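Okay, so here's the structure we're looking at.
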Amino acid sequence: LRMGVRPEKIIDWGYFVAPSSEKLNLGVGLGQREDNVLRLLWVGRELGWKRVEDVVRAVALANKHLLIVGREKRITLTIVGEGPELENLMKLAERVNSANPPALSIVTFLPSQPIEKIREIMREHDLYVLASNACEGWGAALNEALEEGMAAIGTYEAGSSATILSDEWLFHAGDWRRLSKLLARCVEMKAAGTLRGQGIGEWSAQKAAERLLELIG
């Protein structure tokens, strides 16, 4: 803190992303598919401190548990982006996929996409995960995912998730076993129809516009 600045006068800083064009055009909720598959998404540059390997490990463990208890539900993970950790992630994903039936790919990869396509991909998934440690400045993809109607899980250490999400949606960076338990809970929430609607709350573009108008009005 700077000398003489009162804590109550300091506010969190972050990005306000564009609202969902789908919601603006349709005025309705967004259309993730209703089935036994929880579709998980991660988007970004594959860097070590983003800890994408923890997401892969958590998905593998959660699916193993679902198989052991005889559930028909499963979790898939789509990783979008490129970066120095991509080759290692693909090797890890290959081991995960090989442990499942040949026709069933648990982890799939897509190259980097323009933002319009990313937002479209988000509307096809149920849950976004931000697994970064404290090197993450903010993590605007989480804002975008919430704007597109996805639920989200994040770490206590990353800027956007620690600020936007409540404790029940958070885990400590590196604790992929805790993440696995959160994923298992989300599987049940999707089955019960209670996963959607987590909302973006105070960090929505609409809320930012309203407050800006209040400030300059």
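Side notes on the structure shown:
- The residue list Leu92, Leu67 contains one member that is open to solvent by less than 70 Å² (accessible area, probe 1.4 Å) and either farther than 25 Å from Lys181 by Cβ or part of a helix (DSSP H, G or I) (or both), which is Leu92.
- Qualifying residue in the stretch 114-125 (condition: within 11 Å of the chain's Cα centre (by Cα) and surrounded by 15 or more Cβ atoms within 10 Å (Cβ to Cβ)): yes
- Residue check for Glu136: touching a residue at least 12 places away in the same chain (Cβ under 8 Å), surrounded by 14 or more Cβ atoms within 10 Å (Cβ to Cβ) and part of a helix (DSSP H, G or I): no
- Single match in Leu127, Leu92, Leu86, Leu104 (criterion: at pLDDT 95 or above and either of a type in the set (Phe, Trp, Tyr) or farther than 30 Å from Ile200 by Cβ (or both)): Leu92
- Condition check for Ala208: surrounded by 21 or more Cβ atoms within 10 Å (Cβ to Cβ) and either out of contact with any Asp or Glu (no Cβ under 8 Å at 6 or more places or on another chain) or outside any helix (DSSP H, G or I) (or both): no
- Cβ-Cβ distances below 7 Å connect no pair with a first residue in the stretch 196-217 that is farther than 17 Å from Glu144 by Cβ, a second residue that is modelled with pLDDT of 80 or more, and a separation of six or more residues or different chains.
- Residues considered: Arg2, Arg33. Of these, the only one that is in a loop (DSSP other than H, G, I, E, B), open to solvent by 90 Å² or more (accessible area, probe 1.4 Å), at pLDDT below 80 and closer than 16 Å to Met150 by Cα is Arg33.
The values are calculated or read from the model by the stated rules, or taken from the named source; none is laboratory data. Model, not experiment: these values are computed from the prediction. Every residue, glycine as well, gets a Cβ built from its backbone with ideal geometry; the counts of neighbours run over all protein chains shown. Areas reflect the complete protein model, heavy atoms only, side chains present, ligands, DNA and RNA absent. Shrake-Rupley method; radii C 1.70, N 1.55, O 1.52, S 1.80 Å.
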